[in-house]
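The values are calculated or read from the model by the stated rules, or taken from the named source; none is laboratory data. In this text, all values refer to a predicted model and were calculated from it rather than measured experimentally. Virtual Cβ from ideal backbone geometry, glycine too; neighbours counted across all protein chains shown. Heavy atoms of the whole protein, side chains included, go into the accessibility calculation; ligands, DNA and RNA do not. Shrake-Rupley method; radii C 1.70, N 1.55, O 1.52, S 1.80 Å.
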Number of protein chains: 2
Amino acid sequence: MNKSPETVAIRRISPSLDNARFAIKRAAGGEVAVEADIFKEGHDELAALVKWRRAGGGEWSEAPMHPLGNDRWAGSFTLAEPGDWEFTIEAWGEVFFSWQHELEKKFAAGQRELQSEILEGAAFIESAAKRAGKGPDSAALKEFAKSMRAADAAAAHGLAHDPKLCALMRVHADRTLSTVAEPFHPVVVDRERATFAAWYEFFPRSAEGKPDSGSTFRDCLGRIDDAKAMGFDVIYFPPIHPIGETNRKGCNNSTTCQPGEPGVPYAIGNRRQGANGGGHKDVAPELGTLGDFDWLVGEVRKRGMEVALDFAINCSPDHPYVHEHPDWFFKRPDGSIKYAENPPKKYEDVYPLNFHNADWRALWDELRDVILFWCGHGVEIFRVDNPHTKPIAFWEWVIAEVRAKHPGAVFLSEAFTKPKMMHELAKAGFTQSYTYFTWRNAKWELEEYLAELTTPPVRDFFRANFFTNTPDILPEFLQRGGRPAFHIRAVLAAMASPVYGIYSGFELCENTPVPGKEEYLDSEKYQFKGRDWNAPGNIKGYLARLNKIRSENRALRGYDNLRLHKAENDNILFFSKSTESLDNTILVAVTLDPYNGQGGFVTVPLGDFGIGGDEEYVLEDLISGEWFHWRGARNFVGLDPHQRPAHIFRLRRQSGREAGQVVFV
Amino acid sequence: MNKSPETVAIRRISPSLDNARFAIKRAAGGEVAVEADIFKEGHDELAALVKWRRAGGGEWSEAPMHPLGNDRWAGSFTLAEPGDWEFTIEAWGEVFFSWQHELEKKFAAGQRELQSEILEGAAFIESAAKRAGKGPDSAALKEFAKSMRAADAAAAHGLAHDPKLCALMRVHADRTLSTVAEPFHPVVVDRERATFAAWYEFFPRSAEGKPDSGSTFRDCLGRIDDAKAMGFDVIYFPPIHPIGETNRKGCNNSTTCQPGEPGVPYAIGNRRQGANGGGHKDVAPELGTLGDFDWLVGEVRKRGMEVALDFAINCSPDHPYVHEHPDWFFKRPDGSIKYAENPPKKYEDVYPLNFHNADWRALWDELRDVILFWCGHGVEIFRVDNPHTKPIAFWEWVIAEVRAKHPGAVFLSEAFTKPKMMHELAKAGFTQSYTYFTWRNAKWELEEYLAELTTPPVRDFFRANFFTNTPDILPEFLQRGGRPAFHIRAVLAAMASPVYGIYSGFELCENTPVPGKEEYLDSEKYQFKGRDWNAPGNIKGYLARLNKIRSENRALRGYDNLRLHKAENDNILFFSKSTESLDNTILVAVTLDPYNGQGGFVTVPLGDFGIGGDEEYVLEDLISGEWFHWRGARNFVGLDPHQRPAHIFRLRRQSGREAGQVVFV
């Protein structure tokens, strides 16, 4: 044994993802509540601290831990600033407090021949004085040591428990033989827009809703101002790069394309058309120039919003990589490049990349540089297309590379796949993830899924972005349920998750599917799309109201503060979110039935909110403005999918009386 | 990224102790059933193997894993030979079987233009032929490749599923892009006596039971032969080293000692008395010489038994370390050495060692050398006194050091302390552990504890040694319950655990306590003790019967094959043990009431044993020799603490008929 032996066992640290292999996530200002088994041989008193710092170096901050019983300890800390952090635990046998404890037992047993013990205690205090350096603590400790040396048994026993001495001895503890747990546990703290945002997705070419031709970047302001008026703050564009011509798809995913059809933005890269080379670092000429794009990014930023771009690693046969780096692709036996397939389907307009080709380092570097290129153009939010079909190791590497230069970079994983892969991508570094929310409609499955997402371990690494719909997904619930279904899904997404989004057209209640599928008929992925963005029956006002409620109620910025409550009706979901101080509490009762009225008793968890059993409280409906005066936990709510799909209540409490009237705040 | 990226995620491997920080334990011939989450990006077919080898190097053995669903995989292997092993998992995307799967889908969809796919498949087979080297596999694969190249779509589709080709492609898979999980998981496989043994503890000085003087090593054969006749196979001696004189304790732990009193063997080391220096590497002169000890070890071995020694790190004030290495001990302010205390109790006859003194490396080396010294004298089993009062890091180090030279060394942890420390010592390397068994008497607490010990994760690292009593512990149950209680506890210890032990005197039903304590009155720890080792009322015959049943029934060598079954009486415990092949099944019904008769229905798990609901089976009582013919699961047992404290049944099944009679085997 060459290094100093471990003196204290520190085991089963939580939160810990795969033995600190991956970082836990927190929002800025989030708390990390740490627990561990901490013990050592013998009967010494123990002391333990949780320690944290910026990842990789610098001074540790510290907070004391306390025993919970059965050798389990707990402590916590809060990380205010975004960035990469790490924490660990330091623990040691406490010589002074072990001494104090033994002295106490001897004294209680009537022993008064304690001169040796007293001198021992004085020596502990003197050595603390030395550790304290030159300040007032040192002087005070020296004084205590002097008194201890002069004390008889009774005086020493009293002095050993002097609160000031004990506090000083805690601060200047002897940590020579302490153990610091390894590996350190990483924590990623994200900036606010990563943890609280409302996304609005639209295709720039559809900005004006013209049926026969596309809009440009310069035509997008109307759509953006409309999104802002609705309260959205992230504008997400599907790919804006030149679109391949070879095997270009026509409308409704047709394998033949008519002249003038605009093509699928996901068939990326056309070296013949791009002013800037035509690949992932270029913009489609029909949208404008890079300069136009920069202008648009600036306009969005001026409005207090941010642009998110799609990062789709799809290469059309016309992509410059195909010509410059044919070795980056898979080959067929005849030497030609393989197109994508999901047998029996063929995607002849897209060539997949081979991430493990012999020249993989150059490929990985190039893909990183694509992201960095757009960071250089003011974009720091990336929605990543199908990350689960590329190596996890690539994502872990590339996200770390980008975040090293752009710590505010946000990555949204568009993986709709099996749970373990979705979780792994989140652990590997994705800031946010698409979820199964889109297909959770029944009360039991919503409750189960919301509970899973917002409790450990999932809440420690997986941050949901609840999308109501996407260009690829028109859920059956929206197809069948019509306008009330759109209200319902909007309430669920916007209230249950601090990050959510809609794909444009949702506000118009567009819901015509390809028959028998969860896909849009005449999808704008394949064609120009005529639209009246103010068509009658739209729910823009309702969405604006939801986003206003979000912006005005801090409880809705929380993720794991969601609590499910009892509603005595299988079509009513009832949940709440509160700030820690309870100064903002939102209660949501939402119907899950888009057809018929539903009513039932709901149970308000009065105890959690500090409301007495017979105390009057007010629930202000933030949609309708009504005030409901309730008393007691169990109250009736009546919901109607057409008139009142949800109550979104803000809890108001009695603050006192004014002019004989009870005042609620 | 400098090294090759991980291609497959292999996560949540089980069994795994603290992320492979500690070894799991197995008996020789034990199975390791491994599971893990295994997945990768995309839609490739996966293959996975569990691999194992001697720790630190050499060839890997391999066994295939199979998917359980939801990305969980399972596989297993068996370790026949004792020693240190390690295992891991290797997984990769299976290009050939992914190809086969895609070909199948295309073929099923009616595609017949598959020339490119066929050539691709042929290339996969050719590269497997290369990997196969020069043998018959290579020739066969070349032949398959040739056929594939010549095949049309239908023939290729058939060939792709040829069982012989598939088997060869599994064996010669392309593992270029495989991932091997790290860290490797250590496994310790112990020799048989570590996992199946009956211990008999006696003080050599008490061998002949003389009231006024001690026996020597040369006088021990009678006691050893008696133990052998009872069926014990480990003879465990408390410390045999010279006993300190300074502050020597007198009988019944008196702090004053009369002339001629023999002292406590745990106050170790008397440099004035020892022929060989007087410390831990010496024997007390009153017991004989090292030569006498060597002779005794040889005699024990001749009888097919083994000696276990106590390793008690206690130094009397007369220990040579005190004089040669005063810096190894704790000091008082006046410079004198601190004696042991557990305030308000003082142990002035023992000085504790400071394991973190400045010269700790020399101390640790010396303590290791003590163990190696006794290994050199033919002892490889060590019962370690109070390991929980010495650093865990020391035990982890010293056990590894000793096992590196003596792989068969066995360490029994005598820690009666809180659960996490007991578990940690087992993880750190102790082969066996004392347990809470000694204080588990009620049915619910026995069932709970037996279940905890024999299921993961505890069964993977903690191996119980059930002691009925020790020189320090005369359990209240034995004090109160008299002779029937001794029968009951012997049945429980010997049948529930493959490793168990008694402290001598148990067979005589000695149960006179220090009033109000769980300690022996007139304990031989402090004095000579007169005994008639064949005193009337002894249970030597019963113990001999239990040990004979153990030796004749392989099911009782298993640890985690214990299954608890229903007995409709809170004073009857009913459990079974079976070999994996079910060729040996033992069922035990034991009363927990030492006072009154108890009867009740027990439920035999017929399904587990492959017995039909209306099939006749025989339970042979291995104590009484009676045969019980039962039918159906639920049957009545009647137990009497004085006549029949337990049924120990061997299950016998119908094997056929002979001369018109049903035959049971």
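Computed quantities for the displayed model
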item	result
A:Phe477 vs. criteria modelled with pLDDT of 95 or more, outside the structural domain of A:His565 (by TED's automatic domain parsing), open to solvent by 10 Å² or more (accessible area, probe 1.4 Å) and assigned to a helix (DSSP H, G or I)	yes
Set A:Ile24, A:Ile13, A:Ile38: member being within 26 Å of the chain's Cα centre (by Cα), within 11 Å of chain B (Cβ to nearest Cβ) and either touching a residue at least 40 places away in the same chain (Cβ under 8 Å) or closer than 30 Å to A:Arg193 by Cβ (or both)	A:Ile13
Subset tally (residues that are more than 14 Å from chain B (Cβ to nearest Cβ) and either modelled with pLDDT under 95 or open to solvent by 60 Å² or more (accessible area, probe 1.4 Å) (or both)) for segment A:61-81	6
Segment A:616-629: number of residues that are open to solvent by 10 Å² or more (accessible area, probe 1.4 Å) and either of a type in the set (A, V, I, L, M, F, W, C) or within 32 Å of the chain's Cα centre (by Cα) (or both)	7
Whichever residue in segment A:333-362 is open to solvent by 70 Å² or more (accessible area, probe 1.4 Å) and part of a loop (DSSP other than H, G, I, E, B) and, among such residues, is farthest from the other protein chains (Cβ to nearest Cβ)	A:Glu348
Hey, B:Pro515 in a loop (DSSP other than H, G, I, E, B) and either within 24 Å of B:Tyr542 (Cβ to Cβ) or more than 14 Å from chain A (Cβ to nearest Cβ) (or both) or not	yes
Unmet requirement for B:Lys427, which otherwise passes all of (1) closer than 30 Å to B:Leu492 by Cα; (2) surrounded by fewer than 21 Cβ atoms within 10 Å (Cβ to Cβ)	(2)
Cβ-Cβ under 6 Å pairs, at least 6 apart or on other chains, segment A:93-105 side assigned by TED's automatic domain parsing to the domain that holds A:His157, far side acidic (Asp, Glu) and open to solvent by 30 Å² or more (accessible area, probe 1.4 Å)	A:Gly93/A:Asp44; A:Glu94/A:Glu45; A:Val95/A:Asp174; A:Phe97/A:Glu45; A:Ser98/A:Asp44; A:Ser98/A:Glu45; A:His101/A:Glu45
Residue in segment B:103-110 that is modelled with pLDDT of 95 or more, closer than 17 Å to B:Asp162 by Cβ and surrounded by fewer than 20 Cβ atoms within 10 Å (Cβ to Cβ) present	yes
Failed item, numbered, when A:Arg557 is tested on (1) open to solvent by less than 10 Å² (accessible area, probe 1.4 Å); (2) closer than 23 Å to A:Phe462 by Cα	(1)
Per-region count, segment A:399-458, residues of a type in the set (D, E, K, R) and within 14 Å of chain B (Cβ to nearest Cβ)	6
Residue count for segment B:322-367, restricted to those that are touching a residue at least 12 places away in the same chain (Cβ under 8 Å) and within 25 Å of A:Leu119 (Cβ to Cβ)	23
Selection count where residues are acidic (Asp, Glu) and open to solvent by less than 40 Å² (accessible area, probe 1.4 Å), scope segment B:111-161	2
Qualifying residue in segment A:115-126 (condition: more than 11 Å from chain B (Cβ to nearest Cβ), out of contact with any Asp or Glu (no Cβ under 6 Å at 6 or more places or on another chain) and either small (Gly, Ala, Ser) or more than 23 Å from A:Val171 (Cα to Cα) (or both))	no
Those residues of segment A:284-308 which are more than 30 Å from the chain's Cα centre (by Cα) and either open to solvent by 60 Å² or more (accessible area, probe 1.4 Å) or over 15 Å from A:Glu245 (Cα atoms) (or both), in sequence order	A:Pro285, A:Glu286, A:Leu287, A:Gly288, A:Thr289, A:Leu290, A:Gly291, A:Asp292
Candidate set: segment B:561-615, residues that are among the hydrophobic types (A, V, I, L, M, F, W, C), more than 27 Å from the chain's Cα centre (by Cα) and not in a strand (DSSP E or B); chosen: the one farthest from B:Val662 (Cα to Cα)	B:Val604
Residue check for B:Gly278: closer than 21 Å to B:Cys375 by Cα, in a helix (DSSP H, G or I) and at pLDDT 95 or above	no
Test: residue in segment A:571-578 that is modelled with pLDDT of 95 or more and touching an Asp or Glu at 6+ places or on another chain (Cβ under 6 Å)	yes
A:His323 vs. criteria away from chain B (no Cβ under 14 Å) and surrounded by fewer than 16 Cβ atoms within 10 Å (Cβ to Cβ)	yes
Out of B:Leu446, B:Leu450, B:Leu478, sole residue that is in contact (Cβ under 8 Å) with a residue 24 or more places away in the chain and closer than 29 Å to B:Pro265 by Cβ	B:Leu478
Of all residues making up segment B:301-359, the number that are among the basic types (Lys, Arg) and in the same structural domain as B:Val234 (by TED's automatic domain parsing)	3
Check on A:Val264, at pLDDT 95 or above, in contact with a Gly (Cβ under 8 Å, 6 or more places away or on another chain) and β-branched (Val, Ile, Thr)	no
Qualifying residue in segment B:380-394 (condition: open to solvent by less than 10 Å² (accessible area, probe 1.4 Å), within 11 Å of chain A (Cβ to nearest Cβ), part of a helix (DSSP H, G or I) and without any contact (Cβ under 8 Å) to a residue 40 or more places away in the chain)	yes
The listed residue being within 11 Å of chain B (Cβ to nearest Cβ) and modelled with pLDDT of 95 or more, out of A:Phe373, A:Phe330	A:Phe330
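Quick grid of which residues meet (1) within 30 Å of B:Ser14 (Cβ to Cβ); (2) of a type outside the set (Gly, Ala, Ser):
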site	(1), (2)
B:Phe430	yes, yes
B:Thr435	yes, yes
B:Trp439	no, yes
B:Trp444	yes, yes
B:Glu452	yes, yes
B:Ala464	yes, no
B:Leu474	no, yes
B:Phe486	no, yes
B:Val491	no, yes
